[in-house]
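Everything on this sheet refers to the single structure shown next.
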Amino acid sequence: MHPIENIFQTIFSHLLPSACIVCGAFQQHTLCIDCSLLLESEQLLNYECCQQCGLTLVVDELKEKRCRACSTNPPDFDETHCLDRYDGRLQSALHQLKYQRRLACGHGLASAWNQMMSGSLMNSQANYLLPVPLSSEKLCARGFNQSWELARRIDCDKHIHKNPHILRRHHHVQHQAQENRANRQIAIQGMFYINPQYQNCLESASVIVFDDVMTSGATLNEIARVLKDNGVSRVINWVLLRTLYPSS
Ligand SMILES: [Zn+2]
Ligand SMILES: [Zn+2]
């Protein structure tokens, strides 16, 4: 976050009460202490998850630390780290950010991420942190990219360049949610591209891709494929909310 914005945020949080993004209680923080404890006890870091795609593992997958799908047909990304499950306590705050444009929820969600994820991810070595882009048409309609609103506020090593301009997305009228998994993978092909201005920066780079929600993984897999086609050596997904069962 910009230092000035940070200072204002600190001043305002002391002057004005905030509504907790989970329970709505007014107090000093965007996430109240009770909700924060509940989230910590439920968050995905407490479970054995597939290192590559973030799904919770079943007993016979524990030894490999990978789910069966990633063992038999590895995706193009290398690691996935998720804060919480999609149907958990943060879903409502994310919907308020995306569909009701409550940017305060973006601040609260990023604070939740910083509180619970930054410790384990602070030593992540990467050259770039890129949000999953919206098409310019969608960006105009919504007014902001929720993944960038979150990514720009999260704490990470200061050598990691955050940049919302490197990855680009073509506009596509079909709604992903209505497609089955196989069709979704096909529909998403060719949807992302690298801004030509940055094409030469990615050779041998390690890149973190930030997404608000990961469902089938098709979007993040296509982004990882495009990044690796452009010379990136390692792709790590950071995801706010993860659906735990792949949709059929
Ligand atoms: Zn609360
Ligand atoms: Zn997996």
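The values are calculated or read from the model by the stated rules, or taken from the named source; none is laboratory data. Bear in mind that the values here come from a model prediction, so they are computed numbers and not experimental data. As a convention, Cβ positions derive from the backbone with ideal geometry for all residues, glycine included, and neighbour counts pool all protein chains shown. What goes into the accessible areas is simple: the full protein's heavy atoms, side chains included, and nothing from ligands, DNA or RNA. Shrake-Rupley method; radii C 1.70, N 1.55, O 1.52, S 1.80 Å.
What's the angle, to the nearest 10 degrees (0 to 90), between helix 33-42's Cα axis and the longest principal axis of the chain?
Roughly 20 degrees between the two axes.
Using bins 5 angstrom wide from zero, how does P(r) for the range 187-236 break down, in % of all Cα pairs?
It works out to 5, 21, 30, 25, 14, 5, 0, in whole percents.
In what order, largest first, do Asp212, Asp87 sit by accessible area if the probe radius is 1.4 Å?
Accessible-area ranking of Asp212, Asp87, largest first: Asp87, Asp212.
Please arrange Asp211, Asp76 by accessible surface area, largest first, computed with a 1.4 Å probe and ligands excluded.
Ranking Asp211, Asp76 by accessible area, largest first, yields Asp76, Asp211.
Report the full-extension gain for the segment Leu37 to Ile160: residue separation times 0.36 nm, less the Cα-Cα distance, to one decimal in nm.
The Leu37-Ile160 span can extend by a further 41.4 nm.
Take the eigenvalues of the Cα gyration tensor for the range 46-160, scale each by 5, and report the square roots as semi-axes in whole Å, largest first.
In descending order the semi-axes read 27, 17, 16 Å.
Residue separation times 0.36 nm, minus the C-alpha to C-alpha distance between Leu45 and Cys23: what's the value?
Between Leu45 and Cys23, full extension yields 5.7 nm more.
How large is the convex hull of the C-alpha atoms of the chain per residue, in Å³?
Per residue, the Cα convex hull of the chain comes to 135 Å³.
Just tell me the longest site-free run in the chain, where the sites are GluC sites (Glu not before Pro) in a DSSP loop having at most 14 other beta-carbon atoms within 10 Å.
The answer is 65-202.
Return one whole number: the accessible area per residue of the chain in Å², for a 1.4 Å probe.
52
Using alpha carbons only, how many angstrom separate the centre of the range 190-225 from the centre of the range 87-133?
Answer, in whole Å: 18.
Once the Cβ-Cβ distance between Leu62 and Gln100 is put in as r, and R0 is 41 Å, what FRET efficiency do you end up with, to the nearest 0.05?
0.55
Which residue fluctuates the most in the chain, going by a Gaussian network model with Cα springs under 10 Å, if the choices are Tyr47, Tyr86, Tyr193?
Tyr47
For n ≥ 4 DSSP H runs only, could you compute -39500 (n - 2.57) per run for the chain, divide by its residues and tell me the 222 nm figure to the nearest 500?
One gets -10000 deg cm²/dmol as the mean residue ellipticity at 222 nm.
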